[in-house]
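S.K.: Quick one: the structure is below, and I'll ask about it shortly.
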Amino acid sequence: MAKLRGAQILCQTLIEEGVDVIFGFPGGAVLPLYDTLPEYPQLRHILVRHEQGAAHAADGYARASGKVGVCFATSGPGATNLVTGIANAHLDSVPMVAVTGQVARPFIGKDAFQEIDITGITIPITKHNYMILKADDMARVVKEAFYIARTGRPGPVLLDIPKDVFDEEINYKEPEQLDLPGYEPTFEGHPIQIKKAAKLINESKQPIVIAGRGVIISNAYEELKHLAEKAQLPIVHTLLGIGCFPQTHILSFGMLGMHGVAHANLAIDASDLIIAIGMRFDDRATANVSGFAPNAQIIHIDIDPAEIGKNMKTTVPIVGDAKNILQSLIERIEPSNHTDWIHRIEEWRQQHPLVTIRKSEELLPQYILRQIYEITRGEATIVTGVGQHQMWSALHYCYDKPNSFISSGGLGTMGFELPAAIGAKVGIPNDIVWAIAGDGGFQMTIQELATIAQENLGVKIAIMNNGYLGMVRQWQEMFYEKRYTATPLAGPDFVKIAEAYGLNAIRVNNKIEVIPAIQKAMDTPGPFIIDFCIEPEENVYPMVAPGACLAEVMIDPRDDVVASGDLSRI
Ligand SMILES: Cc1ncc(C[n+]2csc(CCOP(=O)(O)OP(=O)(O)O)c2C)c(N)n1
Ligand SMILES: [Mg+2]
């Protein structure tokens, strides 16, 4: 039997769980772990500049690669700095294992230096958490953590490990088979429910699918396509559902919700049957629930039983894995065409012309996104922050490629863009990764430029620099009579900042510079930053005002708008 220290068992088990990269930041309580890392060169450690960056990078890595993201932090402030990133992963169902050091066992409960009850703090924002109190438990608990993080509805698991447990030496023996009584995620949908759902679909005249991130998590792209094509079901998707169904597909009708396209929202309103797949009726997707799909019955497919009936009364709930359920459902539905219904949605699409952009020589963000789409031929993975630029990214880049949009949905975390793009690039190094940043959010995690420089990560960054906390300013313009309190935002010279970090950067002030700048970013190996100084008071449309129903969607009131692009069908 090998004698191993707790830290060695942790590293060994991480490798067994398929981990090859860790985003982290050291400190006293995790020193024994960091001291052990060089014994395991298979584990690449990426040093971030703030622990929030580690959590978001692990999150971006997990979303892009489909693997569990891992981050390390020390006790106390290191652990609390992870909190936003853990919460972000929790709300968006991202598999993550966060390891925090804790003060040594004799000091626990003494308010020792850098002692904080991180398991207590993270109870509501983790799928599960543990404090590992002896090295004997290490391998079993780490394995459980990965199993919990990646199975069922994925989510973050935190492991808090006292410093002396890393150092504790034991006679290591392989952990036994995992035994987690009480944790048995449902995989297969109940056959009676599937039969009921198929009957509803077969009888429906105006059915519509709302597809969410669950489709991406369960890798159900083909099944969704097959289902849609067999019964000719129109598909709309949530913000995090972008990339679950090709947007150039004839049955794709774009995003619903607060900033969804008009025809998607109107179609939901008129539908007689909603087939919700891997989505949770978030209020940004449903708008005012009391007016949501007033004439529709609802089939709700979700792996998490807690989501059923939470926000919306459901006619037929089906708990289980989307891919598995769709396979059974496809067999039971009859081929159909719904020609009149699809024609009606098409008409709405014509009347409320697509996603619009003003005819203008000004530097408009929608135009920039469209050019990034054209130049990358839709091959890029887009990572955004939160705000107007996030919605422009959702609406004006056309997503055909599966899982090509990474964004903070549930928590809406400004500052997500840069570290999450780092994680995504590490997870899919051969893919093109563009971070679309707000000038506000970018300044929240700007320190991660140093991580990009140190690791020479080829992330391309477009800052949508409007000099405002733009989305909040838009709300002030619309609902607070243009009282712009605390939203005008001075920023540094981002080009000089980038240069100080040793990164290539340019500023773009005019429309004619856009295409050459994007081209230059693509042609330059390694990281590249473009500071796009966009129209400061451009707004996001369409929009459903807070409290309004989807059918009350407002489209761009200005009369010089044209469709954003021919290639896009959204
Ligand atoms: C951490 C955090 N603080 C505050 C907010 C509230 N908020 C939502 S969007 C937004 C403005 C974002 O500004 P910027 O990053 O410049 O993006 P823009 O809307 O201008 O594109 C703010 C302050 C938030 N989402 N996250
Ligand atoms: Mg801004």
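Since every read-out is calculated from the coordinates, none of them should be taken as a lab result. Everything quoted here is computed from the prediction, not taken from an experiment. Don't worry about glycine lacking a Cβ; one is built from the backbone with ideal geometry, like all the others, and counts go over all protein chains shown.
S.K.: Among L256, L395, L180, which comes first, then next, by fewest other beta-carbon atoms within 10 Å?
M.R.: Listed from fewest to most nearby Cβ atoms, that is L180, L395, L256.
S.K.: Toward the positive end of the charge dipole of the chain, about the Cα centre and with charges on Cβ (Lys, Arg +1; Asp, Glu -1), which of G415, L37, A296 goes farthest?
M.R.: Of the listed residues, the answer is A296.
S.K.: Please work out the C-alpha center-to-center distance from segment 74-88 to segment 123-164 and express it in whole Å.
M.R.: 15
S.K.: May I pose another question? Non-local amide H neighbours of G320 (under 5 Å, H modeled in plane, Pro and chain starts lacking H): which ones?
M.R.: Residues meeting the amide H criterion: D302, I303, D304.
S.K.: Using helices alone, what [θ] at 222 nm do you get for the chain, with -39,500 (n - 2.57) per DSSP H run of 4 or more residues, divided over all residues and rounded to the nearest 500?
M.R.: Working: 22 runs with 211 residues, N = 570.
Computed mean residue ellipticity for the chain: -10500 deg cm²/dmol.
S.K.: Where does each of Y61, Y399, Y183 land when they are ranked from fewest to most other beta-carbon atoms within 10 angstrom? Walk me through the intermediate numbers first.
M.R.: Working: Y61 31, Y399 28, Y183 14.
Starting with the residue having the fewest Cβ neighbours, the order is Y183, Y399, Y61.
S.K.: Would you mind checking K225/K323; K199/K230; K359/K460 for any pair whose Cα atoms are more than 21 angstrom apart?
M.R.: Distance filter (> 21 Å) returns K359/K460.
S.K.: Still on this model: Starting from the exponent 0.38 and prefactor 2.2 Å, build the expected Rg for the chain from its residue count and divide its actual Cα Rg by it.
M.R.: Dividing the Cα Rg of the chain by 2.2 N^0.38 Å gives 0.98.
S.K.: Would you pull out the residues with amide H under 5 Å of I428's amide H, same chain only if 5 or more places away, H placed 1.01 Å from N?
M.R.: none
S.K.: What are the GluC sites (Glu not before Pro) within segment 115-207 that DSSP puts in a loop, where the Cβ has at most 16 other Cβ atoms within 10 Å? Please list the in-between numbers first.
M.R.: Details: sites: E115, E144, E168, E169, E176, E188, E203; in loops: E115, E168, E176, E188.
Sites meeting the loop and neighbour criteria: E176, E188.
S.K.: Still on this structure, I have one more. Along the positive direction of the dipole of segment 415-532 (beta-carbon charges: Lys, Arg +1; Asp, Glu -1; about the Cα centre), which of Y484, I432, P527 reaches farthest?
M.R.: The listed residue farthest towards the positive side: Y484.
S.K.: So who's got an amide H within less than 5 Å of the one on V99, skipping anything under 5 residues away but keeping other chains? H placed 1.01 Å off N, in plane.
M.R.: The list, which skips near neighbours in sequence, is C71, F72, A73, L159.
S.K.: Could you work out how far the C-alpha centroid of segment 518-558 sits from that of segment 215-233, in angstrom?
M.R.: When both Cα centres are located, 29 Å separates them.
S.K.: So if I take the centroid of the Cα atoms in segment 497-514 and the same for segment 358-401, what is the distance between those two points in Å?
M.R.: Going from one Cα centre to the other spans 18 Å.
S.K.: Moving to a separate point now. So if I place +1 on the C-beta of Lys and Arg and -1 on the C-beta of Asp and Glu, and nothing else carries charge, what would the dipole magnitude of the chain be about its Cα centre? I want it in debye, nearest 20. Display every interim value, and only then the final one.
M.R.: Numbers: 47 positive and 66 negative charges, 96 e Å.
Charge dipole, the chain, about its Cα centre: 460 debye, nearest 20.
S.K.: If you count the DSSP beta bridges with both ends in the chain, what percent of them are antiparallel, to the nearest 5?
M.R.: Expressed as a percentage, antiparallel bridges in the chain total about 10.
S.K.: Follow-up question, since we're still on this one. Where does each of 50-57, 507-514 land if you order them by average Cβ count within 10 Å, highest first?
M.R.: The densest-packed peptide leads the list: 50-57, 507-514.
S.K.: List V495, V426, V355 from most exposed to least, where exposure is judged by having the fewest other Cβ atoms within 10 Å.
M.R.: The fewest-first ordering by Cβ neighbours comes to V495, V426, V355.
S.K.: Evaluate the relative contact order of the chain (contact order divided by residue number), counting alpha-carbon pairs under 8 angstrom at least 6 apart; express in whole percent. Walk me through the numbers before you get to the answer.
M.R.: Values: 1337 pairs, mean separation 86.4, N = 570.
It rounds to 15 percent for the chain.
S.K.: Check the straight Cα-Cα distances from K313 and name the lysines below 17 Å, setting aside those fewer than 8 residues away within the same chain.
M.R.: Output for K313: K196.
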